Amino acid sequence: MDRRTFLKGLVGGVVVTWPGLLVPRSLRAGELPIGAVESAVRAALSGKKPLIKRTYRPPNFETPVRAFSGVITPNDQFFVRWHLAHIPQVAAETWRLEVGGDSVEHPFELTLDQLKRDFEPVELFAVCQCAGNRRGFSEPHVPGVQWGAGAMGNARWKGARLKDVLARAGLKSDALEIVFDGADYGAIDETPDFVKSLPLWKALDENTLVAYEMNGEALPHWNGFPVRLVVPGWSGTYWVKQLTSISAMPKPETGFWMSRAYRIPKDKFPHIERFLSQEGEDNTPITDMVVNSLMTNIEEGQRLHAGKPVTVKGLAWDGGHGIRTVEVSVNGGRTWRDAQLEQDYGRFSFRAWHHTFTPRRGGKSVLMARATNRQGSTQVYELIFNPAGYHNNVVQRINMVVA
Amino acid sequence: MKMLNTLLPALVAVFSTSAFAGEAQIELKEGAGRDTVMANCVMCHSIDYIQMNSLFMKRTDWQATVDKMVNVMGAPISQDDISVILDYLTTYYGVE
């Protein structure tokens, strides 16, 4: 973005959008496009607190960074992401889940009560992060929903294991992918329906759930009531909302949202899990999330008093290996100290951390945090550019003013 | 899930009574071609998709986006309208 355009949106160090919306300029791997800043407003969907509106229809609403003060993201502040504008109000009593496909022995249908009653309930904490989280910071900018850092959330999900549901249908030996469809649909039939698939091994993972509860409550409508898929470790695109059908298939799913969308260049992210039946010549589906962190209580340009201890707080997460360390630098990366990791809610959850330091006058007071997972992967300093703006885990830099 | 949607007026009624009502406040910049954009680009989503994706797209980028709307999403837009739309988007929501 050219500097002049950017400055138009700046008043006193914060980006001013509509009254009441101050976006901390804390993620410095680029800035949101000016049009994204200007078109954002705080707005509340039914049943939700005001969130950062990116688009009204379909609704794409982002969680403000301040809502990440705890390890659980409250349901009424959990981000909302839809591709297609028709999102029916689904009634629990009439909802049915079809389980079938060419690679099952006995297709069947489930009611919500049956799903809850007939299968052992499992509960786990897991991060749901949109593949495009932080896309708005991509340099150069790329088209798509211009998310800041809040297209993610962590919840305690409860549901049946997908593998138990599939077992009842009896998988044939030729099953290759499990295909998922939800109740949402586009304005015209020509628009590709939002259909996603998982490789068999991920579908059969004991942590992959057909979930009907989020943080002890029914799912909010905007987060997929009554039932959504929960695919711990993998990006939100697979977490199909308002789930209506599960099909085991012997062939790769070819719809637009698998074959052309949600893809990353093959050679740029060597550590991620592979989805072999969907790999192309030079691109491959996004799968597990890269290790990342977010500082949640200090804003760009925040004034701190020299000699007075300050605690920086944040979250760290990855694609399911679990967080090994978070290090904090208060001098722009010259030296690093281990942050204190807080309670472990499991390898798919946000891991809260904090670090107390005493700001000193003089020198560069740039706050940075860097998470490393148990696989040894860590965050990057330079964006690994890709055309859809995925996997942005650039180390955050926050300039502090020490007085 | 696929369903038959034939009644556009019915959709408008849905939006005005739903959570999407806020979209009525959105206004694209005044200029030649705005009506054509409004006629062709609101069927499937609100026009904040256009605002949000500015100011960084060149004409060729807008061209690629509009082509995607037509070829992938099935937007029924005439060739004549496409050039008017591209002129408008490049002038008001694009960069050189």
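The values are calculated or read from the model by the stated rules, or taken from the named source; none is laboratory data. None of the values given here were measured: they were computed from a predicted structure. Quick reminder, even Gly has a Cβ in these numbers, built from the backbone with ideal geometry, and neighbours come from all protein chains shown. Surface accessibility is based on the protein's heavy atoms, side chains included, excluding ligands, DNA and RNA. Shrake-Rupley method; radii C 1.70, N 1.55, O 1.52, S 1.80 Å.
What about A:Arg361, is it part of a loop (DSSP other than H, G, I, E, B) and at pLDDT below 95?
Against the criterion (part of a loop (DSSP other than H, G, I, E, B) and at pLDDT below 95), A:Arg361 qualifies.
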Conditions (1) surrounded by 16 or more Cβ atoms within 10 Å (Cβ to Cβ); (2) in contact (Cβ under 8 Å) with a residue 40 or more places away in the chain: number failed by A:Lys53: (2)
Among residues of the range B:83-96, those that are out of contact with any Phe, Trp or Tyr (no Cβ under 9 Å at 6 or more places or on another chain) and in a loop (DSSP other than H, G, I, E, B), counted: 1
So A:Gly136, is it within 14 Å of chain B (Cβ to nearest Cβ), outside any loop (DSSP other than H, G, I, E, B), at pLDDT 95 or above and touching a helix residue (DSSP H, G or I) at 6+ places or on another chain (Cβ under 7 Å): yes
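Residue-by-condition table, conditions (1) farther than 26 Å from A:Val230 by Cα; (2) touching a residue at least 40 places away in the same chain (Cβ under 8 Å); (3) among the hydrophobic types (A, V, I, L, M, F, W, C):
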residue	(1), (2), (3)
A:Thr296	no, yes, no
A:Gln302	yes, yes, no
A:His305	yes, yes, no
A:Leu315	no, yes, yes
A:Asp318	no, yes, no
A:His321	no, yes, no
A:Val328	yes, yes, yes
Qualifying residue in the range B:52-60 (condition: touching a Ser or Thr at 6+ places or on another chain (Cβ under 6 Å), free of Cβ contacts under 8 Å to residues at least 40 places away in the same chain and either closer than 22 Å to A:Gly186 by Cβ or within 8 Å of chain A (Cβ to nearest Cβ) (or both)): yes
Qualifying residue in the range A:114-126 (condition: within 21 Å of A:Ala316 (Cα to Cα) and of a type in the set (Lys, Arg)): no
Single residue of the range A:158-188 satisfying the filter (in a strand (DSSP E or B) and farther than 24 Å from A:Ile272 by Cα) that is farthest from the chain's Cα centre (by Cα): A:Leu171
Residue in the range A:57-76 that is over 19 Å from the mean Cα position of the chain (by Cα), open to solvent by less than 40 Å² (accessible area, probe 1.4 Å) and modelled with pLDDT of 95 or more present: yes
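Taking the options B:Met57, B:Met73, B:Met69, B:Met43, name whichever one is over 10 Å from the mean Cα position of the chain (by Cα) and closer than 20 Å to A:His86 by Cβ.
When all the criteria are applied, what remains is B:Met73.
When only residues in the range A:189-203 that are assigned to a strand (DSSP E or B) and buried (at least 22 other Cβ atoms within 10 Å of the Cβ) count, which is nearest to the other protein chains (Cβ to nearest Cβ)?
Looking at residues that are assigned to a strand (DSSP E or B) and buried (at least 22 other Cβ atoms within 10 Å of the Cβ), I get A:Lys196.
Conditions tested, residue by residue: (1) over 23 Å from A:Trp201 (Cβ atoms); (2) open to solvent by less than 50 Å² (accessible area, probe 1.4 Å); (3) among the basic types (Lys, Arg).
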position	(1), (2), (3)
A:Glu123	no, no, no
A:Gln129	no, yes, no
A:Gly132	yes, yes, no
A:Arg135	yes, yes, yes
A:Val145	yes, yes, no
A:Glu177	no, yes, no
